Amino acid sequence: MLLRGFWGHTAIVNSAAQRYARWGVTSIHQMNSGHSLEVTVATLALANTPQKWTIYSWAPGVVTSIAGAWAAMDAAPKKLPARVRINGPKWMLDGTPIEQNALKREPYAGRPGWRGRSNHADEQLREILQTALRRPEQLALHVVGDAETDRVFSMMETLAPPSVWKQMRVRIEHGDGIRADTLAKAARLGIVVIQNPTHFPPPGAPRRPGDPHSMLRSLLAAGVPLALGSDGGGDETNPFLNIMLASTYAASRGEALSREQALLAYTAGAAHAERQERSKGRVMPGMAADLAVLSHDILTVPTPVLPATRSLLTLVDGEIVFEDPELAAVAQPR
């Protein structure tokens, strides 16, 4: 899960956290845009939410000092609240097709010669990647355009062998620019893709300019780890809406996931994406008891009903953090 705009107001954070608990959300990946790590950590300490948080520091889209952005990691608070960890940073390497700033191989329709742009020159991208190779934090990269994806993968190959990058598990947020001719390269480099189904047009909707032609099923078939997330706040954080969109994927039927694949991308895939797969993401001995008892069987319920799914009972580390009032009433001794 990802949320925006809540920092500095503990009441709003707590309200959001309870909404997520009612959806059965036990972990949140937060791309920390707009505030310092110190402010975010202090807010979470006051809010004392039940979920587990992984906070990714935010690097500006266009910066003059790459080292200055990395320095924010060194200035991060060392003492963290329970269930909060810091990772990152996330770098905005290009824009999106909506404003036609994702760097593409071909010009945008109606704009001859305009293919979008990179936010960082080659020497800056090289510095970002070289620094990441020396540091323990996980690297997250916003990369959308296919030409920007080409540039990133090529630069990675020049700086270190694939075996080194594979150990680092670089996150590509969105990954819309991975094409058939770069799919195998993504797998060799150990890229982890975090895709956001709410970016896709809903079933039955006409295609819009800028809608992504994204891979889902092909990523998994090629051995590229896949996680699903929301990339926003509000109702679109509903994981069951995202599972519905990923398993229907009207714009590219051949890339639609099965319900089981979508569920795994939201659970085990998300844990792998934050390098926590040894402690959570699956229901099995030795894993954290992060569980949700759902109102529907999301593997078989009719598609239109999926977004209405709610949690009846949500546990984090075996502790009940949400219980449906009707279930609680039934469970009371008589």
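Using only helices, what value at 222 nm comes out for the chain when you add -39,500 (n - 2.57) per DSSP H run of length 4 or more and divide by the total residues, to the nearest 500 deg cm²/dmol?
Values: 12 runs with 109 residues, N = 334.
The per-residue figure over the chain is -9000 deg cm²/dmol.
Using alpha carbons only, how many degrees (0 to 90, rounded to 10) separate the axis of helix 10-22 from the longest principal axis of the chain? Taking Cα atoms only, the helix is inclined about 70 degrees.
On the basis of the beta-carbon distance and an R0 of 35 Å, Ser258 and Ile98 show a calculated FRET efficiency of 0.75. Taking amide H atoms as placed 1.01 Å from N in the peptide plane, the amide H of Val84 lies under 5 Å from those of Trp53, each 5 or more residues away in sequence or on another chain. Here Lys166 is the anchor, and the lysines within straight C-alpha reach of less than 19 Å, apart from those fewer than 8 places off in the same chain, are Lys90, Lys185.
Read-outs throughout are calculated quantities, based only on the coordinates presented, and are distinct from any laboratory measurement. Quick caveat, the model's predicted, so the values are computed rather than measured. Heads up, the Cβs are rebuilt from the backbone with ideal geometry, glycines too, and the neighbour counts pull from every protein chain shown.
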